[in-house]
1. Scan the helices (runs of 4 or more DSSP H) fully inside segment 69-159 and keep the ones with 2 or more residues being at pLDDT 75 or above.
2. Kindly provide the set of residues from segment 23-40 that are of a type outside the set (Val, Ile, Thr) and exposed (fewer than 10 other Cβ atoms within 10 Å of the Cβ), ordered by number.
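The values are calculated or read from the model by the stated rules, or taken from the named source; none is laboratory data. In this text the structure is predicted, and so the values were computed from the model without any measurement. Cβ placement follows ideal geometry from the backbone for every residue including glycine, while neighbour counts extend to all protein chains displayed.
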Amino acid sequence: MDWKNIADTVVLWYEEFIQWYLVQPIYGQILTIVGIIALLALMVTIIYFVIKGIAYLVYYILKGIYYLLKGIGLGIFKLCEGFYKLVSGEINVNKQTENNNTHSENQFNGIQSNIIYCNECGKSFSENMMRKIHSNENVFCTNCGKGFSIEEFQISLTH
């Protein structure tokens, strides 16, 4: 490339623009400056959003690759874990039998604790609340603070 030739061409265009600019009336000169500023602002905005778009594209591609590799790794781990349990003879505990065991543990005096809810906020009573209410103590809801006595508890059981 001939840099001297390129520089001469740029200087020639600049001088032609300056001559054209000085011949224009004042409102033409002002509008030309406003137009140049608007074009510069437009170019800066376009460059900003192109760079931002490329950054988002790279980010989401890397995030997708991460989740893909994470899923593949988890699948391989589960496959190896299942193969290990198959080879070693470990038996998976059936989740339904676990739920039945915990359901029978949550019963107090024949009353299931998981069916008692606060009538103010709807939160279920905890096991500690059920023990206190069966020992004739007043309890308060841990979510909204409403107090319950044994009489209210028995009324709520009949309805």
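1. 127-134
2. Across segment 23-40, the qualifying residues are Pro25, Tyr27.
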